Amino acid sequence: MAEDLEIVSGTKEEAYQSIIPQIRGLLEGEPDLIANLANVAAALKEQFGFFWVGFYLVKKDELVLGPFQGPVACTRIREGRGVCGAAWQKASTLIVPDVEKFPGHIACSSLSKSEIVVPLFHQGNVVGVLDVDSDALNMFDETDQRYLEKIVSLIKIDQ
Ligand code: SME
């Protein structure tokens, strides 16, 4: 496993294309879910400098905070609550260009301005979400959606 990332400073597309094989390498041969989520969060933080990037995992009827990079965050989110809970309920990616315009958005930090939440699936069920926050408005689009969905699909859920 490579222990250093090669960080590129090109377009968003180029950045994702560079980081995906490196994430694949980080995940290869490591069966532990928490270790893998931690490294994916770190790789995304290092490549893109996102304000907050991390995972919430479904535990009973809530999402519970998992591995992340960034400021401290709220630990529990109910299904349907906030952007994360809504993405879980809808079982689909949500892109929020301006969090203040999203009804029920949970403000873990007032500095967060836009957000994308991508569900993690196992055997057809949502088992967690990847949440990425930016301190700039309008930061996420279909390119992020496409590549982040690809990245979460690389994470093996069963341990
Ligand atoms: N803003 C999220 C909560 C998680 S934090 O951003 C890390 C939401 O509305 O679900």
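Criterion applied to ILE34, ILE20 was being open to solvent by 70 Å² or more (accessible area, probe 1.4 Å) and within 16 Å of the chain's Cα centre (by Cα), and the one residue passing it is ILE34.
Considering only the range 92-159, give the strands (runs of 3 or more DSSP E) lying wholly within it that have at least 1 residues that are out of contact with any Asp or Glu (no Cβ under 9 Å at 6 or more places or on another chain), in contact (Cβ under 8 Å) with a residue 24 or more places away in the chain and buried (at least 17 other Cβ atoms within 10 Å of the Cβ).
The strands (runs of 3 or more DSSP E) meeting that bar are 114-122, 125-134.
For ALA87, state whether it is touching a Pro at 6+ places or on another chain (Cβ under 6 Å), within 10 Å of the ligand (Cβ to nearest atom) and open to solvent by less than 20 Å² (accessible area, probe 1.4 Å). The answer is yes for ALA87. The lone criterion from (1) in contact with a Leu (Cβ under 9 Å, 6 or more places away or on another chain); (2) over 22 Å from ARG78 (Cα atoms); (3) in contact (Cβ under 8 Å) with a residue 40 or more places away in the chain left unmet by ASN39 is number (3). When the residues of the range 45-72 are filtered to those that are within 10 Å of the ligand (Cβ to nearest atom) and open to solvent by 20 Å² or more (accessible area, probe 1.4 Å), the one that is nearest to the chain's Cα centre (by Cα) is PHE68.
Filter the range 82-119 for residues that are β-branched (Val, Ile, Thr) and under 18 Å from LEU148 (Cβ atoms) and give the result. Spell out how you get there, then give the answer.
Residues of the range 82-119 β-branched (Val, Ile, Thr): 83, 93, 95-96, 99, 106, 116-118.
Hits for the range 82-119 are VAL83, THR93, ILE95, VAL96, VAL99, ILE116, VAL117, VAL118.
The values are calculated or read from the model by the stated rules, or taken from the named source; none is laboratory data. Values in this document were obtained by computation on a predicted structure and should not be read as measured data. With ideal geometry, Cβ positions are generated from the backbone for all residues, glycine too; neighbour counts draw on all protein chains shown. What goes into the accessible areas is simple: the full protein's heavy atoms, side chains included, and nothing from ligands, DNA or RNA. Shrake-Rupley method; radii C 1.70, N 1.55, O 1.52, S 1.80 Å.
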